[in-house]
1. Anything over 27 Å Cα to Cα? Flag those among Lys32/Lys59; Lys87/Lys123; Lys35/Lys87; Lys35/Lys59, in the order listed.
2. When the label point is put 7 Å from the Cα of Asp108 along its Cα-to-beta-carbon vector, which residues of the range 61-101 have a backbone N closer than 18 Å?
3. Given H placed 1.01 Å from N in the peptide plane, which residues other than close sequence neighbours of Leu155 have an amide H under 5 Å from its amide H?
4. May I ask for the longest run of the chain untouched by trypsin sites (Lys or Arg not before Pro) that are loop-located per DSSP and have at most 15 neighbouring C-beta atoms (other than their own) within 10 Å?
5. Using the Cα centre as the reference, give the magnitude of the dipole from point charges on the C-beta atoms of the range 3-83 (Lys, Arg: +1; Asp, Glu: -1; all else neutral), rounded to the nearest 20 debye.
6. Let me have the relative contact order for the chain, percent, based on Cα pairs under 8 Å that are six or more residues apart.
7. Lys and Arg at +1, Asp and Glu at -1: add these up for the other residues within a Cβ distance under 13 Å of Lys59 and post the number.
8. What's the magnitude of the charge dipole for the chain around its Cα centre, counting Lys and Arg as +1 and Asp and Glu as -1 at the beta-carbon? Answer in Debye, nearest 20.
Amino acid sequence: MSFTAGALLQQPSVLFAELYSTLGDWQAARAKVLKGNLLQARTQNTAHRICREVVARLKPLSADQLAILAGGSAKDQAHVLWAAICKRYRFIHDFAVEVIHEKFLTLDPELVYADYDIFFNQKAEWHEELVNIRPSTRGKLRQIVFRMLREAELLSRHNRIHPVLLSPVVEKSVMDDPMLSLSIFPAETGRRSP
């Protein structure tokens, strides 16, 4: 539940993916970002926090996913970043599959805070650590998840689920990843790329 460092973080993620493709080393990319204040962060603490979060999300990505992030369209980059978030945070992965994808399949386009709250409460029954989260932190987590969904273009400003048609390269990169499935997106999952 440590995803409060930022929402989708698309610009810093693309920067890191580009640097990693050139340098081939996460530490070197991190050092370059921090030394040159390439994130244009107001404080060193903010820069360090964003770097730590971005690297933690990007490290588990496949070479294909990183290549899309470094050189793909903005929409493809956003979809890969959503996949990275789902890969890093099991809670968000489960929310995407169990709530968003299910709503998509049942033609229920509205995603409301109550959907998140019900999901959170169900998970708290099985994960004791969720019970101890303060209400203010819980609200911030919900706010960040909804912002991530909007920035990934999976949710409108009015909380309507946007069905997505993934590009063939993004779809293949998700299908080839043993830790992911197309069910993390509000999209048809029976379709296969040629």
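Taken together, the values in this text are just the output of simple stated rules run on the coordinates, not laboratory data. Since this is a predicted model, take the numbers as computed values, not measurements. Glycine gets a Cβ as well: all are built from the backbone with ideal geometry, and neighbour counts include every protein chain shown.
1. Lys35/Lys87
2. Only 94-101 pass the distance filter.
3. Arg150, His162
4. Details: sites that count: Arg42, Arg157, Arg191, Arg192.
The answer is 43-156.
5. Working: 9 positive and 5 negative charges, 71 e Å.
For this selection, approximately 340 debye.
6. Details: 207 pairs, mean separation 50.7, N = 194.
The normalised contact order for the chain reaches 26 percent.
7. Working: positive: Arg30, Arg52, Arg57, Lys87, Arg88; negative: Asp25, Glu53.
Result for the neighbourhood of Lys59: +3.
8. Numbers: 25 positive and 21 negative charges, 169 e Å.
My answer is approximately 820 debye.
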